[in-house]
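The structure appears below as structure tokens.
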Amino acid sequence: MFVDIGEIFWLTLEYEDIPNESKRRPAIIIDKKEDSLFILVSTTSQSPSDPPSYFDGFKIPIYNWRKIGLLKPSWGLGYRLIELTENELKSVIKKTDYIGRLSKNDLQYLIRQIELKHN
């Protein structure tokens with residue numbers, strides 16, 4: 001099973017502010033240290049609003065969305081990362097959840113933008 005940096009897969013994510021509610025979204029592994037994986041919580045196909053809301057400031061465009069298997073223009077939501085072990089992630093995803101892999105350039109851009117937004 002694919003569990004490496006840049007891999008994108010469907011993941012069911014619970015809302016932080018709404019207990020017992022969740023949504024299935026594409027998620028991207030953006031870093032791996034020892035047995036910990038750092039996952040960009042989700043992507044969205046909802047473009048930034050005009051005027052932008054607070055969360056719109058954390059939307060990072062995924063320029064080659066078609067090449068990686070996403071069906072619509074998409075943005076990474078860079079305001080929250082989750083940390084899971086590789087075994088934890090493998091216990092909640094299946095092979096059919098795999099979507100694709102970001103290109104090296106797209107991954108570097110995404111990581112750099114997350115760093116800029118949090119420094």
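Read the figures in this text as sums done on the coordinates, not as results from a lab. All of these numbers come straight from a predicted model, not from anything done at the bench. So basically every Cβ, Gly included, is an ideal-geometry build from the backbone, and we count neighbours across all protein chains shown.
Would you calculate, for the chain, the mean residue ellipticity at 222 nm contributed by helices, counting each DSSP H stretch of 4 or more residues as -39,500 (n - 2.57) and dividing by all residues, to the nearest 500?
Helix contribution divided over all residues of the chain: -5500 deg cm²/dmol.
From zero up to wherever the largest Cα-Cα distance of region 62-118 sits, split into 10 Å bins and tell me the percent of pairs in each.
Each 10 Å bin holds this share of Cα pairs: 19, 42, 38, 1.
Output needed for region 7-117: three equivalent-ellipsoid semi-axes, defined as square roots of 5 times the C-alpha gyration tensor eigenvalues, in descending order, whole Å. Could you put the intermediate results ahead of the total?
Numbers: eigenvalues 85, 58, 43 Å².
Ellipsoid semi-axes (Å, largest first): 21, 17, 15.
Along the charge dipole of the chain, Cβ charges K/R +1 and D/E -1, which of TYR63, GLN108, ASN119 sits furthest on the positive end?
TYR63
When we measure straight from the Cα of LYS95, which lysines land under 26 angstrom away, once same-chain ones fewer than 8 places off are left out?
Cα-Cα hits under 26 Å: LYS23, LYS32, LYS33, LYS67, LYS72, LYS104.
Counting other C-beta atoms within 10 Å, and keeping those with at most 15, which DSSP coil trypsin sites (Lys or Arg not before Pro) do you find in region 35-91? Working shown, then result.
Numbers: sites: LYS59, ARG66, LYS67, ARG80, LYS90; in loops: ARG66, LYS67, ARG80.
In loop regions of region 35-91 (DSSP not H, G, I, E or B), the sparsely surrounded trypsin sites (Lys or Arg not before Pro) are ARG66, LYS67, ARG80.
Return the long-range amide H neighbours of LYS32 (sequence gap of 5 or more, or a different chain), with a cut-off of under 5 Å between placed amide H atoms.
Counting only residues 5 or more places away or on other chains, the set is PHE38.
What is the magnitude of the charge dipole of the chain about its Cα centre, with +1 placed on the Cβ of each Lys and Arg, -1 on the Cβ of each Asp and Glu, and no other charges, expressed in debye to the nearest 20? Walk me through the numbers on the way to the answer.
On the way: 17 positive and 17 negative charges, 120 e Å.
It comes to approximately 580 debye.
Pairs of alpha-carbon atoms within less than 8 angstrom and 6+ residues apart define the contacts here; what relative contact order does the chain have, in percent?
Value for the chain: 30 percent.
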